[in-house]
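Notes for the one structure printed next.
The values are calculated or read from the model by the stated rules, or taken from the named source; none is laboratory data. Quick caveat: nothing in here was measured; it's all calculated off a predicted structure. All Cβ positions, even for glycine, are placed from backbone atoms using ideal geometry, and neighbour counts span all protein chains on display. Heavy atoms of the whole protein, side chains included, go into the accessibility calculation; ligands, DNA and RNA do not. Shrake-Rupley method; radii C 1.70, N 1.55, O 1.52, S 1.80 Å.
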Amino acid sequence: MDIFSLFALCGGLAFFLYGMTTMSKSLEKMAGGRLERLLKKMTSNPIKGLLLGAGITIAIQSSSAVTVMLVGMVNSGVMDLGQTIGVIMGSNVGTTLTAWILALTGIESESFLLNLMKPENFSPLFALVGILLIMASKRQRRRDVGRILIGFAILMAGMDMMKNAVSPLADLPGFSDLLTAFNNPILGVLVGAVFTAVIQSSAASVGILQALALTGSLSYGMAIPIIMGQNIGTCVTALISSIGVSRGAKRVSVIHVSFNVIGTTAGLLLFYGGDLIFHFGFMDYAIGAGGIALCHTIFNIFTTILLLPFSRQLEALARKAVKEEDKSMEFAFLDPLLLRTPGAAVSECVSMTNDMAALAQECILASLKQLHTYSAEGEGKILDGESKLDLYEDRLSGYLVQISQHGLSMEDIHTVSRLLHAINDFERIGDHALNIQESARELKEKGITFSASAAAELKVLQDALEEALHLAVSSFQADDPVSARAVEPLEETIDQLTDEIRARHVHRLQNGECTIQLGFVLNDLLTNLERVSDHCSNIAVCVIEEREDRSDRHAYLHDMKEATEFSATLKQDMNKYKLP
């Protein structure tokens, strides 16, 4: 083996890592926020979490991505620490699939079908199909599939380069003597851990080990401790991701490390203890790529079965290692770690924007209540809610801009656009709630009240606004364009009611039935209520635009108001909300 073989080994490793990253990122992109939603829903017990963790890791081919996602979600308060344990164990099992795929490179047969199973034989076809999808397809999803195929082909090309680079080692004098040092299990564990930590990919380190195994110079006794060490080395990604996060999120890393360290220690003791008693005959046998995949799988399944019953003890250990809980990060859901999995980040922003929508609705309803039964407690609730809405808008808008700079699926791109439009409307609704509260306080402090006729008219207007607000918020939260279409006729109804109430107020002024002072308050209230209905209309249109891919808002509103269905619904709403 010369210097050029070393260059080829480094290049093969680079190809392997790049292919793995490309494939993993494209798979995550296609999955969007579904993975994050699954994690939240299906981690009620360790068994479900175990199956889910294995499934997600198989789907995106990256246990590191799953771990980083978990750290971000615990840091955001979306998941509890106990929910992550089963997922971590499952991701260790799921990552063994990569080793089995790589093991197919060791197939030797004259059979056409068996040779077709070798990745190095079919991956060029994957590359061709992938590049055709990327170049020829206009649909984002198909281009993502193309990138997955290209990533897999690059990964296998890197594996082939590494295999060819290390093949001369079999004839290198002293190489066998060097490998015998790995018969020391402690040294083997350290080598596997350090190398995996450096390249931050257990799949790549297993791949290199399989490439070395193809030289025929590696025995089971040498390979098994290295495989165990690789599981410890992969924890470095979780440790890095836990820097600068809450203590609760740091505990996820502690669980990941303790799970692998305890599993490796138990595996070493049981395996080598059994060897001392039973003298395993296969220890000196040459191991192949399939043998490494088998040992990797058996070890991870063994560790999972061993420690799954002790999930609560692992959680207690993590809480003891990281004692204090950090409560300072109220809006920690905007964790930068989630940007590594943009689909999960978008899903979290959807969840928190839905919370923002509910808060805006609560503020308006509370301010309208103040008009009838004023209280200092109600005022404090509105002021606090409006401040939170300002903070939501500031944090969410900045975070969504950051997400937009990462690779997103078309569905997530539309979702980000919907959120960016809507959060401003929710924040403005909070401002109008504050203005209505100011009008209520003015009425209270000056000891003035509306006339019975004006109060009855306002009650009708408030009822119409509450329905419009409920429809806008519920359609936004459910992403339901059908119910969103019912908002615009109500908005038009509120506009007409407002004009009629203003006209009636002028008539009362002329007849001396109302004062100028009350008129100013009433005008401010009507303006704010009308503006809230305008924001409800904007929110509803955002929902419809996302689902129907309508980009021209004014043209859409014009078309809607010209439709027969709109006129019929408007007539129904006008009949429902008649002024007394």
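Some values worked out for this structure:
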{"read-out": "Qualifying residue in segment 459-469 (condition: farther than 25 Å from Ala568 by Cβ, out of contact with any Phe, Trp or Tyr (no Cβ under 6 Å at 6 or more places or on another chain) and open to solvent by 10 Å² or more (accessible area, probe 1.4 Å))", "value": "yes"}
{"read-out": "Residue match in segment 415-428 (condition: among the charged types (D, E, K, R) and open to solvent by 40 Å² or more (accessible area, probe 1.4 Å))", "value": "yes"}
{"read-out": "The lone exception for Val257 - which of (1) more than 14 Å from Ile224 (Cα to Cα); (2) modelled with pLDDT of 90 or more; (3) exposed (fewer than 14 other Cβ atoms within 10 Å of the Cβ) it fails", "value": "(3)"}
{"read-out": "Matching residues in segment 326-340 - criterion: being of a type outside the set (A, V, I, L, M, F, W, C) and either at pLDDT below 55 or out of contact with any helix residue (DSSP H, G or I) (no Cβ under 6 Å at 6 or more places or on another chain) (or both)", "value": "Asp326, Lys327, Ser328, Glu330, Pro336"}
{"read-out": "Residue among Ile423, Ile429, Ile403 that alone is in contact with a His (Cβ under 7 Å, 6 or more places away or on another chain) and either at pLDDT 90 or above or under 30 Å from Val68 (Cα atoms) (or both)", "value": "Ile429"}
{"read-out": "Filter result for Tyr220 (in contact with a strand residue (DSSP E or B) (Cβ under 9 Å, 6 or more places away or on another chain) and exposed (fewer than 15 other Cβ atoms within 10 Å of the Cβ))", "value": "no"}
{"read-out": "Helices (runs of 4 or more DSSP H) (entirely within segment 495-580) containing at least 3 residues that are in contact with an Asp or Glu (Cβ under 7 Å, 6 or more places away or on another chain), under 30 Å from Glu411 (Cα atoms) and at pLDDT 90 or above", "value": "516-548"}
{"read-out": "Every residue from segment 196-209 that is within 13 Å of Phe16 (Cα to Cα) and of a type outside the set (A, V, I, L, M, F, W, C)", "value": "Gln200, Ser201, Ser202, Ser205, Gly207"}
{"read-out": "Breaking point among (1) open to solvent by 20 Å² or more (accessible area, probe 1.4 Å); (2) modelled with pLDDT of 90 or more; (3) closer than 30 Å to Lys459 by Cβ, for Ala357", "value": "(1)"}
{"read-out": "Residue ID - surrounded by the most Cβ atoms within 10 Å (Cβ to Cβ), chosen from residues in segment 302-319 that are under 27 Å from the mean Cα position of the chain (by Cα) and under 21 Å from Phe271 (Cα atoms)", "value": "Thr304"}
{"read-out": "Residue match in segment 255-265 (condition: within 20 Å of Thr95 (Cα to Cα) and aromatic (Phe, Trp, Tyr))", "value": "yes"}
{"read-out": "Among residues of segment 477-504, those that are in contact (Cβ under 8 Å) with a residue 24 or more places away in the chain and open to solvent by 40 Å² or more (accessible area, probe 1.4 Å), counted", "value": "8"}
{"read-out": "Residue ranges of helices (runs of 4 or more DSSP H) in segment 160-238 with at least 1 members modelled with pLDDT under 85 and within 27 Å of Arg251 (Cβ to Cβ)", "value": "185-199, 202-213"}
{"read-out": "Residue, farthest from the chain's Cα centre (by Cα), within segment 223-254, restricted to residues that are open to solvent by less than 10 Å² (accessible area, probe 1.4 Å) and β-branched (Val, Ile, Thr)", "value": "Ile227"}
{"read-out": "Contacts under 7 angstrom Cβ, first residue in segment 69-92 being on the phi > 0 side of the Ramachandran plot, partner assigned to a loop (DSSP other than H, G, I, E, B) and modelled with pLDDT under 80, 6 or more apart", "value": "Gly77/Ala332; Gly77/Phe333"}
{"read-out": "Residues that are assigned to a helix (DSSP H, G or I) and open to solvent by 60 Å² or more (accessible area, probe 1.4 Å), drawn from segment 365-389", "value": "Leu365, Lys369, Ala376, Glu377, Lys381, Leu383, Asp384, Ser387, Lys388"}
{"read-out": "From Leu50, Leu27, Leu35, residue being assigned to a helix (DSSP H, G or I), touching a Ser or Thr at 6+ places or on another chain (Cβ under 9 Å) and modelled with pLDDT of 85 or more", "value": "Leu50"}
